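Coordinate-derived values only; no laboratory data. Quick caveat: nothing in here was measured; it's all calculated off a predicted structure. A quick note on method: Cβ atoms are made from the backbone with ideal geometry, for glycine too, and the neighbour counts reach across all protein chains shown.
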Amino acid sequence: MTSKYTSFAVAGTGGVGSRIITALAAKPGVKLAILSRSASTSVPSNTTLKVVDYSSRDSLKSALEGVQVVISTLNGAGILAQEALADAAKAAGVKVAKHLKQIGLPALQVFTLFIGFPGFDYGFNLKGEKASWIGEGDNPITFTARADVAAFLAHALSTFALSDLQDKTFRLEGDRKSFNQIVETYEKTHPGKKVVVTRTPVEQAKQTLATQEGMPAFVTYLFLTWAEGPAVYQTGPLSNSLWSEWRPASIESILAGYD
């Protein structure tokens, strides 16, 4: 039995959310609502913008009436709104959302570890032939491009059997390389380029972290995590094979076009 889900709501319109919106909006027969705090948020013409107050359960419940699946890509301070979103989803009769077991709401969890690629994110300025990180840079890290995550999720939600979605966990991986391998790959795909790498000792970074707050502290913590152990899936199989036609971008293919 294929999925009967045709009505979706996406909370969060940033780097991941916007790509999921684009991918779902392209699916025939899909009804898509985009939740946003702002009435000026730009959305595809075949979708509906619903302005919400994430601190108001009534506002969220009203926006989710008729929705079967809620996809939350809220991050940063927005993560605090996810419990209210889940509660409102249950009240509105949503079938799948992302507090969940505690309130008896089926969920699909999608793990991607690091979304994006160096050169587009923290620590890398490959155009400037510079890179910096904490530690030696030899630990493998899983990376998955945002567009590939969006494509997989849109496909799964619109075609997979319901039993393969509810209370399941997907682990996606586009590629796996260490920071040193990424620099080597960039230099390989850009003959004549030589990236200068700055490596901060772990103990020095820990001392710096003790004095930081906000986003700088988060970035330092993230790089410390990568320095102290592999950032790859330690439990459970990858879910890539659930969609045999999924061809996520490799780091080499991304960096080859990065000029």
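Quick notes on this structure:
- Reachable aspartates and glutamates from K193, criterion Cα separation under 18 angstrom, eight or more residues apart if same chain: E129, E184, E252, D259
- For the chain, the orientation-averaged shadow of the C-alpha convex hull comes to 15.5 nm² (one quarter of the hull surface).
- FRET efficiency, 1/(1 + (r/R0)^6) with R0 22 Å, evaluated for K31 and T159 via beta carbons: 0.85
- Projected-area mean, segment 108-259, by convex hull of Cα positions, square nanometres: 10.2 nm²
- Annotation note: chymotrypsin sites (Phe, Trp or Tyr not before Pro) in segment 167-223 located in DSSP loop regions with a Cβ neighbour count of at most 12 within 10 Å are absent.
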